[in-house]
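A short worksheet on the structure shown next.
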Ligand SMILES: *Cc1c(COP(=O)(O)O)cnc(C)c1O
């Protein structure tokens with residue numbers, strides 16, 4: 001395959017294997033090389049500044065671009081239907097890079113009041129002293145978003161389904177609201193993946209992923225990506241990658257490339273496994289509530305049906321004394337690992353008490369706290385269902401729950 005043209009027409013599973021990758025023209029290698037060199041032979045007269053040399057080849061220095069990382073960038077752009085993509089060392093580097101490039105002093109951000117904790121901690125912690133204004137709102141409530149948007153709002157930032165409570169946001173409707181007011185929409189689609197949802201096709205301007213989760217898929221590498229329009233991505237490469245400096249290592253790019261090839265297969269297994277585990281828990285004694293976008297009992301199941309082609313592999317459940325149960329499960333589960341992170345081939349589970357998260361990250365009160373508690377009560381077990389046999393997972397949980 002020597003040009004990308006025909007690949008645009010191919011279906012997702014074919015793109016996941018082939019997009020961005022072609023046999024090495026020198027060695028004929030069919031698989032991708034890991035190019036570890038941090039610098040590349042330059043033509044005399046090549047600019048030394050990121051201001052004038054950004055974009056694709058020729059590669060000059062691996063913080064700017066690298067051949068192995070570039071293959072991953074091309075593949076991810078094609079999976080998201082984006083003109084371009086730029087990779088980062090972590091998901092947080094992608095999130096902070098996007099926020100810091102888009103927003104400056106006296107600009108305003110509308111951000112989901114429940115999102116990846118690190119992102120909200122960054123906004124609450126650093127934005128006030130940088131003079132960046134923000135309003136954290138419940139982004140499942142379109143009226144609340146409409147009220148929050150101001151003339152100086154530059155960016156609306158959402159996550160759907162949101163980490164950790166699995167509350168959804170309507171991408172198409174929010175894109176319209178943002179654009180009417182001249183703001184851009186960024187969607188952290190880590191929980192959905194391009195197999196479930198392609199936010200750019202629904203009107204979003206940027207899509208972000210933590211590649212450490214489903215896209216890498218094996219819990220063995222950190223990474224992040226921003227995908228979007230060509231000119232925006234060139235700007236992100238300059239400001240967010242080259243200048244902020246969180247470049248993805250070629251070793252990790254190679255691992256993640258290997259992971260992406262099986263993304264559609266894995267997502268099918270994650271979703272059917274999660275549906276079986278969610279259904280099992282919903283019927284089990286001692287379980288107060290289960291939330292999974294694929295269950296009709298999810299408060300926004302209708303929206304999930306509209307904008308998710310795959311309900312992904314994450315569910316939450318609640319019990320009476322969460323902390324005591326967390327201790328019990330950490331000790332008694334034999335397949336699930338009791339730990340953070342998600343989207344790995346291996347099943348993971350972690351307890352998130354509401355009070356702790358409010359104090360450390362979300363700081364919600366009134367209606368916003370009430371909406372959080374609607375989804376999470378006093379605390380949730382976030383379960384990332386892996387690709388093991390779901391019968392074994394249900395048996396493991398059944399035994400450990402006691
Ligand atoms: C994990 C995660 C991030 C941060 O990604 P890292 O790779 O851990 O830096 C951002 N957003 C969401 C939704 C995540 O789950």
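FYI, it's all coordinate maths here, none of it is from the lab. What you see is a predicted model, and the numbers here were worked out from it, not measured in a lab. Reconstructed Cβ throughout: ideal geometry from the backbone, glycine too, with neighbour counts over all protein chains shown.
Of note:
- Three-way shape label, region 197-245, alpha-carbon gyration tensor, a/c 1.5: oblate
- Of 227, 13, 94, the one that fluctuates the most in a GNM where the chain has Cα springs shorter than 10 Å: 13
- Sorting 159-166, 236-243 by average packing, meaning the other beta carbons within 10 Å per residue, from highest down gives 159-166, 236-243.
- Rg in Å to one decimal, and Dmax rounded to a whole Å, for the chain via C-alpha atoms: 21.2, 72
- Estimated at 0.36 nm per residue, the fully extended path between residue 39 and residue 306 surpasses their Cα-Cα distance by 91.5 nm.
- More than 18 angstrom apart: percent of Cα pairs within region 150-234: 44
- In summary, the convex hull built on the alpha carbon positions of region 88-217 has an orientation-averaged projected area of 7.1 nm².
- Degrees between helix 390-401 axis and first principal axis of the chain (Cα, 0 to 90, nearest 10): 50
- For the chain, relative contact order (Cα pairs under 8 Å, six or more residues apart, normalised by length) works out to 17 percent.
- In this calculation the C-beta distance from residue 122 to residue 331 is compared with R0 = 30 Å, giving a FRET efficiency of 0.30.
- Separation of the residue 339 and residue 22 label points, Cα + 7 Å toward Cβ, nm: 3.9
- For residue 284 and residue 356, the FRET efficiency from 1/(1 + (r/R0)^6), where r spans their Cβ atoms and R0 equals 25 Å, is about 0.45.
- Under conditions of 4 °C and 1.567 mPa s, region 314-402 yields 94 µm² s⁻¹ as its translational diffusion coefficient, taking Rh as the Kirkwood radius over Cα pairs in the Stokes-Einstein equation.
- Our estimate of slack between residue 234 and residue 276, defined as 0.36 nm per intervening residue step minus the Cα-Cα distance, is 10.8 nm.
- Point-to-point label distance, residue 83-residue 392, nm (Cα→Cβ direction, 7 Å offset): 4.7
- DSSP beta bridge pairing in the chain, given as percent antiparallel to the nearest 5: 55
- Across 214, 372, 157, mean-square fluctuation computed from a Gaussian network of the chain (C-alpha pairs under 10 Å connected) peaks at 372.
- Whether region 201-285 is rounded, prolate or oblate, judged on the alpha carbon gyration tensor where a/c under 1.5 counts as rounded: prolate
- Gyration tensor verdict on region 39-112 (Cα atoms; rounded if a/c is under 1.5, prolate if a/b is larger than b/c, oblate otherwise): oblate
- Calculated FRET value between residue 30 and residue 268, using beta carbons and R₀ = 22 Å, to 0.05: 0.30
- Debye-formula intensities of region 259-372, expressed as log10 I(q)/I(0) at q = 0.16 Å⁻¹, are -0.93 (one equal scatterer per alpha-carbon, no solvent).
- Highest-fluctuation residue, 175, 330, 269 considered, GNM on the chain with Cα pairs under 10 Å: 330
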